[in-house]
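See structure below.
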Amino acid sequence: MQSIINQFAPPVGRTLLSLIFLISGYGKLTGFAGTAGYMASMGLPMAEVLLVITIVIEIGAAAMIVLGWKARLGAAALFLWMIPVTLVFHAFWAVPAEQQQIQQIMFMKNLSMMGGLLLVMAFGSGPYSLARR
């Protein structure tokens, strides 16, 4: 049983961890103008440029993790990108009271994902990855 878990948990875990970034990146790509407008409303300069960078990081780095190709690098890119994203978009301490709970949940969700990315950075992609081929 442990052998099966050791064999399949890493690729399934990489996929589950990356899915949110792939879906989010695709959503930003297909809703570019709306997302850029939202980013600008949050006070970010050059929102369109930042959005392109965000899409490349979300889709590119998540694909690297899923495929297990340079997964540590992909995880590091997402981890570093998530620091300012989390602080800017989920600053639960700086929103009206009726928004604090959901923003705190989103903040903690991001911290949890960052923990998963740290695990990929520390242990690599595991079996069933392009790195193993």
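Pro11 falls short on exactly one of the conditions (1) under 20 Å from Gly115 (Cα atoms); (2) crowded, with 19+ Cβ neighbours inside 10 Å, and that condition is (2).
With the condition kept exactly as written, say whether any residue in the range 22-34 is crowded, with 18+ Cβ neighbours inside 10 Å and in contact with a Leu (Cβ under 7 Å, 6 or more places away or on another chain). Yes, because at least one residue in the range 22-34 is crowded, with 18+ Cβ neighbours inside 10 Å and in contact with a Leu (Cβ under 7 Å, 6 or more places away or on another chain). Checked against (1) touching a Gly at 6+ places or on another chain (Cβ under 8 Å); (2) modelled with pLDDT of 95 or more, Ala122 passes all but a single condition, namely (1). Of all residues in the range 58-85, those that are crowded, with 22+ Cβ neighbours inside 10 Å and farther than 16 Å from Leu19 by Cα total 0. Considering only residues in the range 84-97 that are of a type in the set (Gly, Ala, Ser) and part of a helix (DSSP H, G or I), the one that is nearest to Pro45 (Cα to Cα) turns out to be Ala94.
Of the residues making up the range 65-77, not a single one is within 19 Å of Ser24 (Cβ to Cβ) and assigned to a loop (DSSP other than H, G, I, E, B).
For Pro45, the stated conditions do not hold, so it cannot be described as touching a helix residue (DSSP H, G or I) at 6+ places or on another chain (Cβ under 9 Å) and part of a loop (DSSP other than H, G, I, E, B). If we scan the range 98-110, do we find a residue that is part of a loop (DSSP other than H, G, I, E, B), of a type outside the set (Phe, Trp, Tyr) and surrounded by fewer than 18 Cβ atoms within 10 Å (Cβ to Cβ)? The answer is no, given that none of the residues of the range 98-110 is part of a loop (DSSP other than H, G, I, E, B), of a type outside the set (Phe, Trp, Tyr) and surrounded by fewer than 18 Cβ atoms within 10 Å (Cβ to Cβ). Would you check if Trp81 is touching a residue at least 12 places away in the same chain (Cβ under 8 Å), closer than 30 Å to Tyr128 by Cβ and assigned to a loop (DSSP other than H, G, I, E, B)? Judged against the criteria, Trp81 is not a match.
The values are calculated or read from the model by the stated rules, or taken from the named source; none is laboratory data. This is a predicted model, so every value here is computed, not measured. Quick reminder, even Gly has a Cβ in these numbers, built from the backbone with ideal geometry, and neighbours come from all protein chains shown.
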